[in-house]
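Written out below as structure tokens is the structure these notes cover.
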Amino acid sequence: SAEELFERTRAAKRTLGDRVMVLGHNYQRDEVIQHADFRGDSLILAQVAEQRSDRPYVVFCGVHFMAETADVLSRSNQTVILPDMAAGCSMADMAAIEQVEQCWEALGRVVPVEEAVMPAVYVNSAAILKAFCGEHGGLTCTSSNARKVIEWSWARREKILFFPDEHLGRNTANKMGIPREQMIVWDPYMPRGGNSVEAIQRAKLILWKGHCSVHQMFQPSHIDYFRKQHPEVKVIVHPECHEDVVNKADLVGSTEYIIRTITAAPAGTTWAVGTELNLVNRLKHEQTDKKVFFLSSTVCQCATMYRIDAPHLCWALENLADGHVVNRIVVPDDEKQLAKVALDRMMALS
Ligand code: 13P
Ligand code: SF4
């Protein structure tokens, strides 16, 4: 039963004491996040992983790229465990290293890439892509520091190759007032990304054609509906949503920004929230003095985040308490060093 699993998980954690730290991303289920020692967005969890190196074991309740980031940033060779190895990210899978290398070569036939193009990768990506950025003078970003990363990049090179989420890149550039003519989309399945030589020469921001399958489900019509039904509503969305949604929303930001904003809002206010369902349902139940609605009429749930459930967490912790490490995430050493260069450049800005 759920109570039994809760008690077993708690007992395993108690046995492990200060040797283990459970990290939980804001999208995790209630049954999992209740066991987290720290919860937050991607940036906060990366910072905790880096700073709390005193705990030898990290059980990461989130997705694969987040656990890899924790492994890269851990200073004392911590062991990072992902309770279900199938917890990936469909967006991260939209950019493979071979495709990024092909893109870099193709750009290199048009401009001197090493001086002219800054590679900037969203943390929602495999460690090897972060290593690519580390090697070519670039860096990583999260949804909470994308603007700083873009500013940093343009201060150093004329163009940015931003991957794998085209929406985070475009939405951030829109907020900075960058004209559309300066942005192009790179389709990895097309020669030269589907662009002419002139378009590449002109571009300041090259956006990889990739997206989040969860956030793409929010539509501008959902916002219209809420504005009509609840004229007082404030709409708050994640920057992985399409620009047509972001441009109609009142506020945009990371999962942590969304939680903080609604938590701090006055009683009686009404909110429509465009991000993953678990997070929104939790806000709805916790912020009872406010009206919190889910922005879409369809279910927008991150199926891979959802894979981490109470039985998987319990299994990972009980094994650990018995001295068995299961589902360890290890980034190979050469990749790790270069990925750390890219992550460190971002951390210095955050
Ligand atoms: P945050 O960094 O805002 O938590 O976002 C991570 C994520 O995967 C959003 O889909
Ligand atoms: Fe990846 Fe989207 Fe899930 Fe975030 S919500 S982990 S971007 S699939």
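None of the figures in this text is laboratory data; all of them are computed from the coordinates on show. This structure is a prediction, so every number in the text was calculated from the model and none was measured. Please note: Cβ atoms are built from the backbone with ideal geometry, for glycine as well, and neighbour counts cover all protein chains shown.
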Residue by residue through the stretch 175-181, the couplings from Karplus 6.51 cos²θ - 1.76 cosθ + 1.60 with θ = phi - 60°, in Hz, x for Gly and Pro, are 5, 8, x, 6, x, 4, 4
Projecting the Cα atoms of V325, Q216, S350 onto the charge dipole of the chain, where Lys and Arg contribute +1 and Asp and Glu -1 at Cβ, the residue farthest towards the positive end is S350
Measuring from its Cα centre, the chain shows a charge dipole (+1 at each Lys and Arg Cβ, -1 at each Asp and Glu Cβ) which, in debye to the nearest 20, is 860
In Å³ per residue, the alpha-carbon convex hull of the chain encloses 135
The alpha-carbon center of the stretch 300-350 and that of the stretch 195-252 are separated, in whole Å, by 29
Given unit charges at Cβ for Lys, Arg (+) and Asp, Glu (-), the dipole magnitude of the stretch 215-294 about its Cα centre in debye, nearest 20, is 280
Loop-resident chymotrypsin sites (Phe, Trp or Tyr not before Pro) in the stretch 141-210 with no more than 10 other Cβ atoms inside 10 Å, DSSP not H/G/I/E/B, are Y189
Output for the stretch 137-237: trypsin sites (Lys or Arg not before Pro) sitting in coil per DSSP, at most 15 other Cβ within 10 Å, listed by number, reads R156
Mean Cβ-within-10 Å packing, highest first, puts peptides 106-115, 87-96 in the order 87-96, 106-115
Given the candidates H64, Q337, A120, the one whose Cα lies deepest towards the positive end of the charge dipole of the chain, counting +1 at each Lys or Arg C-beta and -1 at each Asp or Glu C-beta, is A120
